[in-house]
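The values are calculated or read from the model by the stated rules, or taken from the named source; none is laboratory data. Please read these numbers as outputs of a predicted model, since none were measured by experiment. Don't worry about glycine lacking a Cβ; one is built from the backbone with ideal geometry, like all the others, and counts go over all protein chains shown.
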Amino acid sequence: MTAPLNMAAGVAAALLLAAVWAGPVDRLVAEPFAAHMLRHMTLVALAAPLLVLAMPRALAHHAPPVLAGAVIEFVVVWGWHLPGLHALARDSHGWMLLEQAMFLGAGVLVWAGALAGLEDKAPTGRGGAALAGAGGLLLTSMHMTLLGALFILARAPLYGSSLEGLQLGGMLMLGIGTPVYLVGGLILSARALGHGAAGSELASGELASGDLAGTDGRQ
């Protein structure tokens with residue numbers, strides 16, 4: 001990405017963070033759990049990738065392998081949706097700040113890991129990195145989809161929320177998170193296939209050059 005695009009991604013991320021942290025989310029979304037889920041998915045699926053696109057090299061340099069990042073996000077997301085931890089974040093500003101920071105940090109780890117190897121010079125290196133990134137994003141999409149589906153299919157209230165609020169939160173999780181991770185994974189898969197084809201052509205060209213050199217040497 002060029003510098004103007006990096007800057008645009010950073011501005012968009014800052015605006016999203018301001019909207020969910022300082023904006024009237026609780027007034028616009030009457031159900032508390034749905035408001036929580038709107039913040040959560042904005043952090044991990046929208047603001048996090050934009051932050052990585054704003055500072056791709058700086059964040060990718062410190063990112064763990066994408067599968068490790070996906071596991072960390074799984075633990076963070078499912079952990080904070082345990083009833084006890086969710087109640088702490090709901091009832092205490094301090095715990096809520098910790099929850100929100102961990103959601104954003106885990107999201108950045110996943111996206112930074114997914115995009116970390118795309119600056120490699122070798123086409124085969126870029127292809128392998130893109131494929132690993134796609135795998136991490138698709139795994140994340142799967143567990144987000146599962147958690148959202150559990151909320152939608154719930155038959156009893158949870159987290160002190162109404163059943164309708166719980167189901168609306170699940171719909172927001174699926175409606176925001178699942179397509180973003182799925183589309184990101186598919187884009188990286190397409191890039192991996194493209195780089196793989198380029199690497200094969202390069203290898204074939206080098207092999208042909210070697211054969212010609214060997215033939216010339218024998219003559």
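Some observations on this one:
- The set of residues from segment 122-153 being at pLDDT 95 or above and of a type in the set (Gly, Ala, Ser) comprises Gly148, Ala149.
- In summary, helices (runs of 4 or more DSSP H) completely within segment 1-55 and bearing 3 or more residues that are in contact with a helix residue (DSSP H, G or I) (Cβ under 8 Å, 6 or more places away or on another chain) and farther than 26 Å from Phe151 by Cβ occur at 3-22, 48-54.
- Test: residue in segment 34-53 that is more than 17 Å from the chain's Cα centre (by Cα), surrounded by 19 or more Cβ atoms within 10 Å (Cβ to Cβ) and among the β-branched types (Val, Ile, Thr): no
- When residues of segment 77-100 are limited to those that are buried (at least 19 other Cβ atoms within 10 Å of the Cβ) and among the aliphatic types (A, V, I, L, M), the one farthest from the chain's Cα centre (by Cα): Ala89
- Every residue from segment 46-97 that is among the charged types (D, E, K, R) and over 23 Å from Ala22 (Cα atoms): Arg57, Glu73
- If the condition is being among the hydroxyl-bearing types (Ser, Thr, Tyr) and either surrounded by 16 or more Cβ atoms within 10 Å (Cβ to Cβ) or at pLDDT 50 or above (or both), then segment 180-203 contributes Tyr181, Ser189.
- In segment 166-179, residue farthest from Leu137 (Cα to Cα) [restricted to those that are among the small types (Gly, Ala, Ser), at pLDDT 95 or above and surrounded by 16 or more Cβ atoms within 10 Å (Cβ to Cβ)]: Gly169
- Pairs, first more than 23 Å from Gly69 (Cβ to Cβ) in segment 175-202, second at pLDDT below 85 and not in a helix (DSSP H, G or I), C-beta under 8 Å, six or more apart: Gly199/Ala122
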